[in-house]
Amino acid sequence: MTAMRARWPRSFNLAAAAFFLALLVSHAHGAEQAASRDTPKLGRGINILGYDGIWEGGQNAPFRLDNLTAIKKAGFAHVRINFFGFKFMGPGNVMDEIVLRRLDAVIEEVLARKLVPIVDEHDTHLCQRDVSECAEKLKAFWRQLAERYAGKYPALVFEVLNEPGGAMTSAGWNALLNECLGIIRRTNPERPVIAAVLNTDEIPVDELVLPAEDRHLIVTFHYYAPIRFTHQGAPWSPTFSRIGPLDWGSPEDEAKADADFRKMSLWAEKEQRQVYVGEFGVYERAPSDSRQRYLSFVARSADRLGWSWAYWQFDHDFAAFDSARQAWKPGILRALMPPTR
């Protein structure tokens, strides 16, 4: 997750938008079914372990591996493991074997709960700042992980890079992405792989270039719009820390989100690709009713369009789970996972 999206599409007729969205839902399911013939659907998920001491050898710090049981029982189908691989590279960009064994153990614990694990290379800040250094590290990372997991854990999903953007252009990202896909496919020809749209205000999915013959790809984007609402009160930002309380949920608010989703849905239908909303969330300083309304709207909209999604995040900030009490935050869980009838 990084700060994003401050601009909005032009206003449009709400009745026409609602009618068009209904048509898109119908068409999106057809595209989703076609794409799913080659790539299994991820379903509903949650982000885990991004800022946890487990990688340095900590236990219950604060994530407990038994929390995976709670995730499964809540109805989630997958977890997105936010892994800062560059942090554990030594000379020659060689990964620390001890850390990789910890990653193995996490993957195996996830699979034991009958959840799908996604390994998400999460070194956003370096990659948005120094494209050249990022490229060398990212290619080295995927050479090592692809070789390590070749022929293992068939349910495991790779995500090439979290939120490419910043100093990266679409052309630069397309080149790096396709190099990494080439590296992965040498040893994992049918592994499901997630490829991100460049993380800018415009969600420029039409600029994404993927190998047409590779039908084991899932396209992801993250959704935190409008950023002033979703990040209000965030203490790490001098701007956002002073904002709030702001509400969300008017017809105009929903129409703006619908316009963004419409863009993705049109592209997915044309390209016959699965879409994955890999992150969305609202910081806890937002009014609770508006926060829950936003989360429910995004999750249910993705469900209707046949998209998979993952909430940001299990613990730490934006949390859906109270680690101290070892209990879900009921309003957040209810917004994400409405009870089945």
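Each reported figure results from applying straightforward, stated rules to the coordinates on display, with no laboratory input. Treat the numbers as computed from the prediction; the structure is a model and nothing was measured. Methodologically, a virtual Cβ is constructed for each residue, glycine included, from the backbone with ideal geometry; neighbour enumeration extends over all protein chains shown.
DSSP finds beta bridges in the range 14-336, and of those with both partners inside it, around 10 percent are antiparallel. Cross-linked pairs 87/137; 72/329; 139/270; 41/256; 41/72; 114/152: Cα-Cα separations exceed 20 Å for 139/270; 41/256.
Among the helices of the chain, those built from whole DSSP H runs whose Cα atoms reach 27 Å or more along their own axis and whose mean Kyte-Doolittle hydropathy is at least 0.5 are 14-36. Across q = 0.09, 0.12, 0.13, 0.16 Å⁻¹, the chain modelled as identical point scatterers on its alpha-carbon atoms has Debye log10 I(q)/I(0) values of -0.45, -0.85, -1.02, -1.63, in the order of the q list.
The sum of -39500 (n - 2.57) across all DSSP H runs of n ≥ 4, divided by the residue count of the chain, sets its helix-only mean residue ellipticity at 222 nm to -13000 deg cm²/dmol. Computed over neighbours whose Cβ is under 10 Å from that of residue 331, the net charge equals +2, Lys and Arg +1, Asp and Glu -1. A cysteine counts as unpartnered when no other cysteine's C-beta lies under 4.7 Å of its own; in the chain this applies to 180. Residues 256, 87, ranked from the fewest to the most other C-beta atoms within 10 Å, line up as 87, 256. For the Cα trace of the range 271-341, dividing Rg by the Kirkwood Rh returns an Rg/Rh value of 1.00.
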